[in-house]
Amino acid sequence: MEFKYFMPTEIYFGENAVLKNKEVLRKLGRKAFISTGRSSAKKNGSYNDVTKALAEVGIEYLLFDEVEENPSLETIAKASDLGKENNVDFVIGIGGGSPMDVAKAIAVFIKNP
């Protein structure tokens, strides 16, 4: 078996990393889909950081904050359908494992119906 695997990854880390690097978001499109849990991203300020950065670069966004622990296929389907219906360009996951996993699944289903 032979194959080539390429997965470019950029990680921005540090205080105010989202706001300091907001121009990166502009390259991704004009409408974002935010996937997160019910409350922790709002409580810890990360949701506000992301939405402020999006607003500052003129990107609309759609919030899906219904991700539960151990997300169901129904949750993923509901979120994916919402993203498709609203013609989002990219997906942002905010939170721990479940919101991040759902964000990845949403991105796959939106681009590969």
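What follows is calculated from the coordinates using simple rules that are stated; it is not laboratory data. Not measured: the values here are computed from a predicted model. In this analysis, Cβ positions are derived from the backbone assuming ideal geometry, glycine residues included, and neighbour counts consider all displayed protein chains.
Each label point was placed 7 Å from the Cα along the Cα-to-Cβ direction; for residue 19 and residue 108 their separation is 3.5 nm.
Note on segment 97-113 and segment 14-38: Cα centroid distance 16 Å, given to the nearest whole angstrom. Loop-located GluC sites (Glu not before Pro) across segment 1-86 with a Cβ neighbour count of 14 or fewer within 10 Å are 2, 10, 15, 68, 69, with loop assigned by DSSP. Taking the chain as the region of interest, the number of lysine pairs whose Cα atoms are within less than 22 Å, with members eight or more places apart or on different chains, is 28.
Spin-label pair residue 1-residue 65: with each label point 7 Å from Cα along the Cα-Cβ axis, the two points sit 4.3 nm from one another.
If Lys and Arg each add +1 and Asp and Glu each add -1, what is the summed charge of the other residues whose beta carbon sits under 15 Å from the beta carbon of residue 106?
Values: positive: 31, 78, 84, 104, 111; negative: 65, 66, 68, 74, 81, 85, 89, 101.
After counting each charged neighbour, the total is -3.
Take the convex hull of the alpha carbons in the chain; its mean projected area over all directions comes to 8.4 nm². Sorted ascending by nearby beta carbons within 10 Å, beginning with the fewest, 98, 72, 35, 80 become 72, 98, 80, 35.
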